[in-house]
Amino acid sequence: MPTHLIIDGYNLLGGSGTRSGHSESSREMLLHDLAAYRHRKRHSITVVFDGWQQGRSTEQREHRAGVQVIYSKRGERADQVIQRLAREYGTDCAVVSSDHEIMNAARAHGAFVMGAQEFAGKLRGSSSTPGALPYKELDPGDDVRSGRGPEKKGNPRKLPKSQRQRNRQFKRF
């Protein structure tokens with residue numbers, strides 16, 4: 001089970017990759033929510049924010065309410081820091097980002113990957129499972145097997161094995 005969450009901070013805040021739309025208060029609110037999540041779930045959490053344009057010449061690290069906060073140094077993007085951390089922790093971490101480059105690099109190192117919107121639902125306490133289909137009552141006239149060829153076997157309502165495995169991993173968070 002992944003025990004360390006590495007979070008792309010501005011990506012989770014819903015930005016388009018620039019700092020311009022994120023205020024200090026929104027970062028503080030996110031850190032407060034993450035501290036509450038950490039208290040509930042007992043996962044180690046590291047949040048990485050971009051400091052590559054206006055940051056300091058060295059990487060800045062601080063702890064707030066049990067959450068480690070990293071601001072990348074000037075000239076280094078948060079993406080690079082997250083990829084480095086995913087390489088260090090390997091299979092013992094989960095990466096939260098919607099950036100495909102980060103997601104692919106984290107998967108390559110064996111990390112579990114969650115999208116920012118997906119984790120935001122968990123952060124708010126939503127218990128819905130990603131990829132799960134909502135319950136739909138069938139009309140007596142509906143053909144359950146429409147679109148399936150005669151060579152297909154198995155339960156047509158059952159998710160693929162890879163999706164079921166991912167859902168089991170996701171439930172741990």
**Asked** Got at least one residue in the range 95-104 being more than 19 Å from Ser44 (Cβ to Cβ), modelled with pLDDT of 90 or more, hydroxyl-bearing (Ser, Thr, Tyr) and surrounded by 14 or more Cβ atoms within 10 Å (Cβ to Cβ)?
**Response** yes
**Request:** Give just the number: which of (1) farther than 17 Å from Arg27 by Cα; (2) exposed (fewer than 15 other Cβ atoms within 10 Å of the Cβ) does Ala65 not satisfy?
**Result:** (1)
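Given Glu88, Glu101, which one is more than 22 Å from Ala120 (Cα to Cα) and not in a strand (DSSP E or B)? Give the steps one after another, and end with the answer.
Details: Glu101 fails: more than 22 Å from Ala120 (Cα to Cα).
It is Glu88.
If you take the residues of the range 49-66 that are of a type in the set (S, T, N, Q) and modelled with pLDDT of 75 or more, which of them is nearest to Ala35 (Cα to Cα)?
Gln60
Condition check: under 14 Å from Phe173 (Cβ atoms) and surrounded by 15 or more Cβ atoms within 10 Å (Cβ to Cβ). Does Val81 satisfy that? Break it down into steps so the answer makes sense when it comes.
Details: under 14 Å from Phe173 (Cβ atoms): no; surrounded by 15 or more Cβ atoms within 10 Å (Cβ to Cβ): yes.
It is false that Val81 is under 14 Å from Phe173 (Cβ atoms) and surrounded by 15 or more Cβ atoms within 10 Å (Cβ to Cβ).
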**Item:** So Gly90, is it under 23 Å from Glu101 (Cβ atoms) and not acidic (Asp, Glu)
**Value:** yes
**Asked** Does Ala120 satisfy being assigned to a helix (DSSP H, G or I) and either within 21 Å of Arg38 (Cβ to Cβ) or modelled with pLDDT of 75 or more (or both)?
**Response** yes
**Message:** Being under 16 Å from the mean Cα position of the chain (by Cα) and farther than 22 Å from Arg172 by Cβ is the requirement here; does Gln60 meet it?
**Reply:** no
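The values are calculated or read from the model by the stated rules, or taken from the named source; none is laboratory data. For clarity, every value in this text was computed on a predicted model and none was experimentally measured. Virtual Cβ from ideal backbone geometry, glycine too; neighbours counted across all protein chains shown.
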